[in-house]
1. Among the residues of segment 259-272, are any touching a residue at least 40 places away in the same chain (Cβ under 8 Å), over 24 Å from Lys213 (Cα atoms), surrounded by fewer than 24 Cβ atoms within 10 Å (Cβ to Cβ) and touching a helix residue (DSSP H, G or I) at 6+ places or on another chain (Cβ under 6 Å)?
2. One residue is enough: does segment 319-330 have a residue meeting the conditions touching a strand residue (DSSP E or B) at 6+ places or on another chain (Cβ under 8 Å) and farther than 30 Å from Thr241 by Cβ?
3. Here are the criteria: (1) of a type in the set (Val, Ile, Thr); (2) without any contact (Cβ under 8 Å) to a residue 60 or more places away in the chain; (3) closer than 30 Å to Tyr45 by Cα. Tell me which single one Ile159 does not satisfy.
4. Note down all Cβ pairs under 8 Å where the first residue falls in segment 121-135 and is within 24 Å of Thr100 (Cα to Cα) and of a type in the set (A, V, I, L, M), the second is assigned to a strand (DSSP E or B) and modelled with pLDDT under 95, and they're at least six residues apart or on different chains.
5. So for segment 187-205 (the condition being within 19 Å of the chain's Cα centre (by Cα), part of a loop (DSSP other than H, G, I, E, B) and within 30 Å of Met44 (Cα to Cα)), does at least one residue qualify?
6. Looking only at segment 141-173, which residues are surrounded by 19 or more Cβ atoms within 10 Å (Cβ to Cβ), aliphatic (A, V, I, L, M) and outside any loop (DSSP other than H, G, I, E, B)?
7. I'd like to verify a number: residues in segment 292-317 that are surrounded by fewer than 20 Cβ atoms within 10 Å (Cβ to Cβ), of a type outside the set (D, E, K, R), within 30 Å of Gly196 (Cβ to Cβ) and without any contact (Cβ under 8 Å) to a residue 40 or more places away in the chain, how many?
Amino acid sequence: MKKITKISYLTACIVLAAGSVQANGFNIGETDVTFGGYVKLDAMYTDSSDGQIATGIGRDFYIPSLTPVGGGDEGGTFDFHARQSRFFFKTTTKLENGKTLGGHIELDFMATAGGDERITNSYSPRLRQAFITYDGWLFGQTWTTFMDLNALPDTLDFIGNTDAMPFARQAQIRYSSGNFQIAIENPESTVTPFGGGGRITTDDNATPDLVFKYAQKTDWGNWSVSALVRQLAYETATIDTTTSAFGVSATAKILLPNNNDIRITATTGSGIGRYIGLNTVNGAVLDAGNELEAIDSSAFAVAYRHNWNSQWRSNLVYSMLSVDNDVNLTGTAVTKMTSSWTTNLLYQAAKKLMFGVEYKLANREVEAGADGDMHRIQFSAKYDF
């Protein structure tokens, strides 16, 4: 008699419990369960002109606000990590009323505490997305409605057009109808103290952020326009102040012959703050009377993807963020602008296996006039499942 292994026993239990097993999931009663994700290795050499980026998130992927300015050249650093690897589960359930209920939960290991690089590198998982969908509604945590995933470039870096990309995941309630979306999303205010200083994260908002979006797919590609309306708030024992903020973002993905494309994003507003450039600029600054004044900013990015053949492709990306600071309030140590150029060569060895090398040049300038550059060479290997 053939010996039953632990693995075959576990598989048999799944089959018995589920009723049937699919190629990438299984079925439990009226619910289909699928799973997927990827494993990714990133190896990076980083050299900064004005000081070394501290060990942490800025060494795992590009953070515009962390490009050193005003320091001395301390030489390059080399980092390996597999923290971007992720997995997800999705469910779809046919309900007795004929409608479909969907679920999604997703985790990875970026930007979390955990092990160190001496022995185990045992980083903790983090929640990326967790939401349910029903009859045009979405409830839970996912990408902010203010951003457009179609505008993300094809890069090895975690985001690619980071300086300009509206980028956030947060809890929300969203309703979609045709090309239109409207959402209320979790609010949060980030504030610069009067005269400059460390960021204040307040968590004092009394109203959710409100987002409207219109997106359309056409023969030439797709485009979207989003509008953000929000309240910025700060309250302490001696301060109680709010101000209004707004932003507008437009994106387009233009299809070209041979499966090439151009991806564009442009965003501007007052008090956008944490929604742009990974919170390079705060939403508001306190004035001498402890009242909030929204900070204006604008951003732009363009990316071109070129397919050399069925396996090789390259991308060229430019991204920039410009901030209109009132230096009488913020001081001159705050970021005035950031920008980056990215180019890569990617090899699709198989449908689910990719290797690539990428070069990024980034610059940050502060209001005092000092600036600094960052050079990064990155190699990645990625297996999608």
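1. Within segment 259-272 (the criterion being touching a residue at least 40 places away in the same chain (Cβ under 8 Å), over 24 Å from Lys213 (Cα atoms), surrounded by fewer than 24 Cβ atoms within 10 Å (Cβ to Cβ) and touching a helix residue (DSSP H, G or I) at 6+ places or on another chain (Cβ under 6 Å)), the answer is no, since none of the residues qualifies.
2. yes
3. (2)
4. none
5. no
6. The answer is Ala151, and nothing else.
7. The total comes to 1.
Condition check ((1) among the polar types (S, T, N, Q); (2) crowded, with 16+ Cβ neighbours inside 10 Å; (3) in a helix (DSSP H, G or I)) across all residues:
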position: Pro68; (1), (2), (3): no, yes, no
position: Asp73; (1), (2), (3): no, no, no
position: Phe80; (1), (2), (3): no, no, no
position: Gln84; (1), (2), (3): yes, yes, no
position: Gly98; (1), (2), (3): no, no, no
position: Gly103; (1), (2), (3): no, yes, no
position: Glu106; (1), (2), (3): no, yes, no
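The values are calculated or read from the model by the stated rules, or taken from the named source; none is laboratory data. As the structure is a prediction and not an experimental result, all values here were calculated from the model. Reconstructed Cβ throughout: ideal geometry from the backbone, glycine too, with neighbour counts over all protein chains shown.
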